[in-house]
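**Student:** Please find one structure pasted underneath; my questions will follow.
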Amino acid sequence: MTTYVYGIARGDRTELPEGLTGIGDPPAPVRVVTGAGLSAVVSDCPGELRPKRRDLLAHQRVLTEVGRRATVLPMRFGSVSDSDEQVRTVLAEHSDRYEEQLDRLTGRVEYNIKVVHHEDAVLHLVLAENTELRTLAEANRADGGGSYEQRLRFGELVAQAVREREAHDAALVRGALAPLAEGERPGPESAGWFLNVSFLVDEDAGGRLLAEVGRLEKEHPQLDLKVHGPLPPYSFVE
């Protein structure tokens, strides 16, 4: 059976919580494979591995539990090796690289921030800021709602103004949070949000970052910041 790898820690005596299990159905017991002064946190890998919610959560739970006891270099979901022996070989071949990254990530966590707009608030804001849009809206109301072409034109201008506001607010959020972090990485783009960014933060600085998130939402009511963290620093493993 192949070996599933959750993460890599320093030393050859990494402590695991009693009874810790990982991915699979039933969940596979988690164990440690050592080599070159490093420990890989692993389990047996199911014959068919898919990114099911159950297994994604199990992967993160293992890293969180082990991370309470030692600094862990987190692997992304789906990291699989042919065998425990192959894991030992990889640890030996890349030990210097793993040690360097463990040094860099010790005492650090990741916060992922996704930002969307409260629709009513941002529409009110762009209308308040744009004289042309207010004039068109008033003209359409006076004309019984306006013609199809007038409504279409108004909708296009509103959409453009919202996109411009998204770019402005993305820069606003990054400018406020980046100084509190030691690094940042952009996340995948999606129609569900206009900013997706992860910050590498000292464990003791997480409170300051969360306080700044609260300030942004209070002072800019059009913003809805969705915070995920603290997490193992997935985005900062190279």
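**Student:** Using the Cα centre as the reference, give the magnitude of the dipole from point charges on the C-beta atoms of segment 3-106 (Lys, Arg: +1; Asp, Glu: -1; all else neutral), rounded to the nearest 20 debye.
**Tutor:** The dipole magnitude comes to about 480 debye.
**Student:** In percent, how large is the relative contact order of the chain, given Cα pairs closer than 8 Å and 6 or more residues apart?
**Tutor:** Worked out over the chain, it gives 24 percent.
**Student:** Once you wrap a convex hull around the alpha carbon atoms of segment 3-106, what is its projected area averaged over all directions, in nm²?
**Tutor:** Mean shadow area of the hull around the Cα atoms is 5.9 nm².
**Student:** Turning to a different aspect of this structure: Filter the GluC sites (Glu not before Pro) in segment 1-96 down to the DSSP loop ones having no more than 16 other Cβ atoms within 10 Å, then list what survives.
**Tutor:** Of the GluC sites (Glu not before Pro), the ones in loops of segment 1-96 whose Cβ has at most 16 other Cβ atoms within 10 Å are GLU15, GLU18, GLU48.
**Student:** Let me ask another. Counting only residues 5 or more places away or on other chains, whose amide H sits under 5 Å from the amide H of GLY183 once H atoms are built in the peptide plane?
**Tutor:** LEU200
**Student:** Using alpha carbons only, how many degrees (0 to 90, rounded to 10) separate the axis of helix 84-93 from the longest principal axis of the chain?
**Tutor:** The helix 84-93 is inclined about 80 degrees to the chain.
**Student:** Under the rule of at least 5 residues apart or a separate chain, name every residue whose amide H is placed under 5 Å from the amide H of LEU49.
**Tutor:** Under 5 Å from the amide H of LEU49: no residue qualifies.
**Student:** Of MET75, VAL90, LEU57, which is farthest on the positive side of the dipole of segment 36-93, counting Cα position, with +1 on Lys and Arg Cβ, -1 on Asp and Glu Cβ, and the Cα centre as origin?
**Tutor:** Looking along the dipole axis, the top candidate is LEU57.
**Student:** A further question follows. List the lysines whose Cα lies under 27 Å from the Cα of LYS218, skipping any in the same chain that are fewer than 8 positions away.
**Tutor:** Correct list for LYS218: LYS114, LYS226.
**Student:** Let me ask something else. Estimate the FRET efficiency between ARG215 and ALA121 by the formula 1/(1 + (r/R0)^6), using the beta-carbon distance for r and 22 Å for R0, to the nearest 0.05.
**Tutor:** It comes to 0.85.
**Student:** Under a point-charge model restricted to the Cβ atoms of Lys and Arg (+1) and Asp and Glu (-1), what is the dipole moment magnitude of the chain relative to its Cα centre, in debye to the nearest 20?
**Tutor:** Taking the Cα centre of the chain as origin, the dipole is about 360 debye.
**Student:** May I pose another question? I'd like the orientation of helix 53-67 relative to the chain: the angle between its Cα long axis and the longest Cα principal axis, in ° from 0 to 90, rounded to 10.
**Tutor:** 60
**Student:** Rounded to the nearest whole Å³, what is the per residue volume of the convex hull around the Cα atoms of segment 110-236?
**Tutor:** Considering the Cα atoms of segment 110-236, their hull volume per residue is 98 Å³.
**Student:** Let me have the 222 nm mean residue ellipticity of the chain computed from DSSP H runs of 4+ only, each contributing -39500 (n - 2.57), with the sum over all residues rounded to the nearest 500.
**Tutor:** -14000 deg cm²/dmol
**Student:** So what's the angle, to the nearest 10 degrees on a 0 to 90 scale, between helix 206-219 and the longest Cα principal axis of the chain?
**Tutor:** Roughly 10 degrees, rounded to the nearest 10.
Read-outs throughout are calculated quantities, based only on the coordinates presented, and are distinct from any laboratory measurement. All values derive from a computational prediction rather than experimental measurement. Backbone-built Cβ (ideal geometry, glycine too); neighbour counts: all protein chains shown.
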